[in-house]
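The values are calculated or read from the model by the stated rules, or taken from the named source; none is laboratory data. Values in this document were obtained by computation on a predicted structure and should not be read as measured data. Note that each Cβ is placed from the backbone with ideal geometry, even for glycine, and that neighbours are counted across all protein chains shown. The area values use the complete protein model at the heavy-atom level, side chains included, leaving out ligands, DNA and RNA. Shrake-Rupley method; radii C 1.70, N 1.55, O 1.52, S 1.80 Å.
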Amino acid sequence: MQKLLINGKKELSGKISISGSKNATLPILAATILSDKAKLTNIPLVKDIFTMVELLKFIGLKVNISKDKNTIEIENINKNIKTLAPYKLVKTMRAGVLVLGPLLAKYKKAKISLPGGCAIGTRPVNLHLFALKKFGAKIKIKNGYIIAETRDGLKGANVTFPNISVGATENAVLAAFNANGKTILNNCAIEPEVKDLIKFLNKLGGRIKIVGRKILITGCKKIKKNITHEVIFDRIELGTYMIAAALVGKKVIFNKIDPRVIKNEIRTLKKMGVKLQIQKSTIEIYKSNNIKKISISTKPYPGFPTDLQAQLMVLMTRAQGTSKIKESIFENRFMHVPELKRMGANIEIKNKIAIIKGPSKLTGAEVMATDLRASVSLVLAGLVADNRTIINRIYHLDRGYEFLEKKLKNCKARIKRI
Ligand code: UD1
């Protein structure tokens with residue numbers, strides 16, 4: 001099994017290029033089921049994307065990935081489409097459930113494996129099904145599968161989500177794209193990745209508008225052929241490397257990004273005393289010595305992202321005083337805490353709040369990755385720790401970080417995979 005070795009305390013300097021967003025690419029790939037032919041550019045070459053591509057191929061789409069150009073071309077010309085997402089493909093990547101909306105909308109039926117729980121929580125799909133039922137779908141759960149059908153096609157409806165969910169919003173938008181009549185979705189997730197999906201669907205002929213947390217959809221009349229879409233940059237990857245730069249950077253530059261997308265993250269880092277300079281499409285981070293304590297709570301966008309909580313915690317271990325993180329999205333997202341404690345961090349968890357007493361001196365240790373973002377927080381801890389850190393189970397990292405070692409090595413980090 002592969003491991004990462006990191007010799008910490010090396011200052012980072014140079015440029016880090018940010019890949020396309022995994023969490024935007026996944027729903028857009030699901031959306032290509034609704035298209036005839038589409039080309040996506042700025043695709044991150046990470047494991048979850050390959051799994052989604054496997055799923056689309058299994059369903060019957062023709063998919064061509066160009067690894068040199070980071071593009072994917074998709075053609076949906078097969079007459080024998082399978083409206084099925086099997087367990088083996090959904091269990092490793094929960095976003096597989098996003099094919100439910102488009103399959104049901106286009107082929108009037110779908111059988112999708114229930115994704116089950118994962119390390120960070122139970123992760124139910126009740127909100128996805130709640131919206132689809134409002135559009136007239138008949139849904140039952142049998143032998144671990146969601147079995148959905150609609151005899152006369154989906155019909156637009158007024159849906160108010162009881163809680164905000166990124167995946168449920170995306171599945172509902174995908175299902176309502178060409179439903180008969182008008183749809184109003186209330187209390188939606190408005191993450192940049194949801195907006196990117198809507199941008200793609202509008203290129204495809206959709207008539208979708210976002211107003212605050214409402215999404216208004218008028219059923220699409222005519223699908224446009226041969227569309228091209230450039231996927232938005234990965235704001236979580238950017239946030240992760242910005243924190244790396246705040247921890248051990250001398251001067252690290254990020255180009256071709258839009259700082260407006262990560263306003264909250266920038267505000268948080270500034271409050272912590274991180275030295276950064278922002279331009280229209282560039283962020284530069286400089287050596288920051290006096291890191292200050294802060295308390296944050298994870299929230300749906302535009303709040304502070306749960307996907308960046310573990311990484312920020314590493315920076316908090318360097319801060320003067322006591323910082324706090326309240327995790328309000330997932331019930332079990334502090335799996336990185338015991339591993340960070342083994343590296344010398346002083347962290348206590350009370351209810352859903354992590355209390356981080358700083359500054360602590362981190363020292364290298366052999367640690368275990370548990371999920372995607374927890375793993376990368378251990379990489380950040382390894383970069384700032386004394387001596388050598390060995391990270392096991394790094395397949396979690398490969399699900400979502402493209403060329404991680406290469407990007408860090410380019411900035412002089414001492415990191416290698418064995
Ligand atoms: C997406 C992201 C993930 C991120 C999360 C929250 C992708 C592929 N993944 O996951 O990286 O951490 O948003 O920003 O984009 N919930 C229900 N019922 C449902 C659906 C969700 O109760 O039917 C709950 C979840 O358990 C969780 C909360 O709602 O507590 C938010 O989850 P959700 O926004 O749906 O996360 P995902 O779309 O799975």
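Heavy-atom surface analysis with a 1.4 Å probe gives region 22-230 a carbon and sulfur content of 50 percent of its accessible area. Solvent-accessible area assigned to carbon and sulfur over region 322-370 amounts to 51 percent, based on a 1.4 Å probe. The residue list ILE232, ILE390, VAL159 was ranked by how far each Cα lies along the charge dipole of the chain toward its positive end, using unit charges on Cβ atoms, and VAL159 comes out on top. A simple rule links phi to the HN-Hα coupling: the Karplus curve 6.51 cos²θ - 1.76 cosθ + 1.60 with θ = phi - 60°, which for region 213-224 gives 9, 9, 10, 10, 10, 10, x, 5, 8, 9, 6, 7 Hz, with x for Gly and Pro. Residue by residue, region 411-418 carries 3J(HN,Hα) couplings of 9, 6, 5, 9, 9, 8, 9, 10 Hz when phi is fed to the Karplus relation 6.51 cos²θ - 1.76 cosθ + 1.60 (θ = phi - 60°); x denotes Gly or Pro.
Magnitude of the Cβ-charge dipole of the chain, K/R +1 and D/E -1, about the Cα centre, nearest 20 debye?
In total the dipole reaches around 440 debye.
For LEU114 and LYS15, the FRET efficiency from 1/(1 + (r/R0)^6), where r spans their Cβ atoms and R0 equals 45 Å, is about 0.60.
Secondary structure note: in region 22-230, about 75% of the DSSP beta bridges are antiparallel.
Computed from the Cβ-Cβ distance with R0 of 30 Å, the FRET efficiency linking LYS209 to ILE81 stands at 0.50. Here region 259-300 has 47 percent of its accessible surface on carbon and sulfur atoms, given a 1.4 Å probe and all protein chains in place. With R₀ set to 22 Å, the beta-carbon distance separating ARG260 from LYS299 gives a calculated FRET efficiency near 0.80. Rolling a 1.4 Å probe over the protein heavy atoms gives the chain an accessible area of 43 Å² per residue. Rounded to whole numbers, the Karplus 3J(HN,Hα) couplings from phi for region 290-306 are 9, 7, 9, 5, 7, 10, 9, 10, 6, 8, x, 3, x, x, 6, x, 4 Hz, using 6.51 cos²θ - 1.76 cosθ + 1.60 with θ = phi - 60°, and x at Gly and Pro. Within region 258-343, the percentage of alpha carbon pairs spaced more than 22 angstrom apart rounds to 29%. Between the listed residues LEU26, PRO102, ALA189, the Cα displaced farthest toward the positive end of the dipole of region 22-230, a dipole computed from Cβ unit charges relative to the Cα centre, is found at PRO102. Basic side chains Lys and Arg get +1 at the Cβ, acidic Asp and Glu get -1 at the Cβ, and with that the dipole of region 22-230 about its Cα centre reaches some 640 debye. For the peptides 174-182, 27-35, the ranking by packing is 27-35, 174-182, with the highest mean count of neighbouring Cβ atoms within 10 Å listed first. Any idea what diffusion coefficient the chain gets from Stokes-Einstein, in µm²/s, Kirkwood Rh on alpha carbon pairs, 4 °C, 1.567 mPa s? Rounded, D is 59 µm²/s.
With the convex hull constructed from alpha-carbon coordinates only, region 22-230 shows a mean projected area of 10.5 nm² over all directions.
With the simple spin-label model, which puts each label point 7 Å out from Cα in the Cβ direction, the LYS412 to LYS91 separation comes to 4.7 nm.
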